[in-house]
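To keep things clear, I will list the structure first and then write my remarks on it.
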Amino acid sequence: MVMRNRDFTLLWSGSAVSALGTSVSTVVYPLLIIAMTGSYAAAGVVGALATAANVLLQLPAGVVVDRFDRRRVMLVCDLGRAVALASVFVALLYGGFNLWHVAGVAFVEGALTVPHRLASHAAVRNVVSPEELTAAYGQNEMRDRAAMLMGTPLGPALLGLGSWVPFLGDALSKVVSAVMLLFIRKPFQAERVAPESAGRMLDDVREGAAWLFRQPFIRATVILVGGSNLLFQALQLAVIAKLKTADHSDSEVGLILAAAGIGGTIGALLAARVNAKLSLRSVVIGANWSWALLVPMTLLADDLWVLGCVLALIVFIGPIWNIGVDVYRLSLTPDGMQGRVSAAAILIEYGPIPLGLLLGGYLLDIIGVTWTIAVITAGMVLLALSATITPVINQQATRQEVSS
């Protein structure tokens, strides 16, 4: 059982506390800014800065994770985030709110979270046995989803105790994560040669991206994920618009979104078992067709509980896909390229998310909820057909595809 692995448990626990803190502050940033300034635009600017850091720094962060000791990278990121968050705590404690200070901290937290997450992801392969790898990533998926689920109500509750309380809590969560790292015995990477000159960072980025695109199965799956993530962002907006059009309250909207989060957490709990029973081909094709069938049901489901169950099923499938595909990719990727390859994959998979939000917003304004969900359904069917007819996906993905 992977949770009996001392080093993995320490890595998992520290990251769990840190992820909960990040989830809390993510919810609190817009609430604090709206309360202090009354401006939704200001809240949007801060959110955009945090998102921009996440997208823009993926590739250089991947190089850092592959060049330097991953434990030290995580320690620097934890302590850097703790200092930045503590500065907001001190400022708010003494009544010194400044919008650009908070915006800068949001950017710094987002920027340092990228290499921390990549280093943690890459380190898992070195602290668990190959037999424990799928279970380990299943635990990580469950941890991250549970942190998001818990952080959503916890953030506003802490904010109610004082504007500075959530930021103190998040800063302390980073300190706890850093302390946990100090007690892990196993190295976070295989032995490597001395790092190359920093002047070759662009070449390193290209090397990681080129390796990923030479693996046909991995290339196909990351493109499919990018497409589905774009559509799911538009779907979330469409579901919210459907509920608001039907005069449902904000609390009812929150309840429906929470149901989706619960579905994802349950999916993460069961993902390792499901992947052990199904071929990777079955997971990839089955997930896409399941989504293609479930998405139009969000339009047909008028009862809140039925809609919540449909969304929970949609999100339930995500962790099963993530763990199956991620473990396959991480098992094949050379240790010295883990950071760069993961960064390239994440950029392709999550880069389309802002476009999905824009697409959903414009479609809802122009053609309304019904036709927007119809367009999203058509997109999901197209992805499912692509997964079904792509030759490399139809081949059993068990052989090593590493190209020289």
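The values are calculated or read from the model by the stated rules, or taken from the named source; none is laboratory data. Since this is a predicted model, take the numbers as computed values, not measurements. Using ideal geometry, Cβ is built from the backbone for each residue, glycine included, and neighbour counts are taken over all protein chains shown.
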Subset of segment 9-44 [surrounded by fewer than 16 Cβ atoms within 10 Å (Cβ to Cβ) and modelled with pLDDT under 80]: S39, Y40, A41, G44
Selection count where residues are in a loop (DSSP other than H, G, I, E, B) and buried (at least 21 other Cβ atoms within 10 Å of the Cβ), scope segment 268-298: 1
Whether any residue in segment 75-87 is surrounded by 17 or more Cβ atoms within 10 Å (Cβ to Cβ) and of a type in the set (K, R) is what I want to check. yes
Report the residue count in segment 343-373 for those that are under 16 Å from T245 (Cβ atoms) and either assigned by TED's automatic domain parsing to the domain that holds A122 or in contact with a helix residue (DSSP H, G or I) (Cβ under 8 Å, 6 or more places away or on another chain) (or both). 10
Going by the conditions given, is S13 under 18 Å from the mean Cα position of the chain (by Cα), more than 30 Å from G208 (Cα to Cα) and assigned to a helix (DSSP H, G or I)? no
Given the condition touching a helix residue (DSSP H, G or I) at 6+ places or on another chain (Cβ under 7 Å), among the hydroxyl-bearing types (S, T, Y) and outside any helix (DSSP H, G or I), answer yes or no: does some residue in segment 323-333 qualify? yes
Does any residue in segment 214-242 that is part of a helix (DSSP H, G or I) and surrounded by fewer than 21 Cβ atoms within 10 Å (Cβ to Cβ) come within less than 7 Å, Cβ to Cβ, of a residue that is modelled with pLDDT under 85 and of a type in the set (F, W, Y) six or more places away or on a different chain, and which pairs are these? N229/Y350
